[in-house]
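What follows draws every value from the coordinates through simple rules; no lab data is involved. In this text the structure is predicted, and so the values were computed from the model without any measurement. Every residue, glycine among them, receives a Cβ derived from its backbone with ideal geometry; neighbour counts consider all protein chains shown.
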Amino acid sequence: NLTNLKFLYLTANDIKFFAQNSINGLHNLKELELSTLYENYNLVFFRKIDENNNEKIKNQLPYGLFSELKNLETLNLSGNKIELIDINVFENLINLKTLDLSDNQISIIDFQTFNGLVNLKNLKLGYN
């Protein structure tokens with residue numbers, strides 16, 4: 001039980017799958033570093049099964065992934081080959097000041113993606 005955890009650094013690890021419930025309950029977390037995870041392959045945030053039961057891996061930040069991290073101030077997701085961002089993935093991060101999405105494979109970002117990030121001061125989107 002890590003409910004008092006404030007800083008979590010997982011940079012440059014061989015984590016292959018990051019489940020949505022991995023960070024549930026970390027309500028006091030202020031800084032989360034998930035950059036360059038599983039460097040030789042794609043970190044998988046979301047798996048989709050198509051109509052033929054074939055698993056299609058999408059590097060997508062799904063809705064609800066960070067929903068319980070209301071105290072989070074810094075989120076680093078750089079270098080993870082993220083392709084898609086759900087429009088509401090950041091909606092509860094009202095205290096977020098720094099968001100690093102650089103060095104991914106993001107080609108389209110909906111204009112509403114960053115709505116609600118009222119305290120955001122630094123947004124890094126380079127090298128996408």
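With a cap of 12 neighbouring Cβ atoms within 10 Å, and only residues DSSP puts in a loop, list the chymotrypsin sites (Phe, Trp or Tyr not before Pro) found in the range 81-128.
Phe111, Tyr127
The slack between Leu8 and Val118, meaning 0.36 nm per residue of separation minus the straight C-alpha distance, is 37.3 nm.
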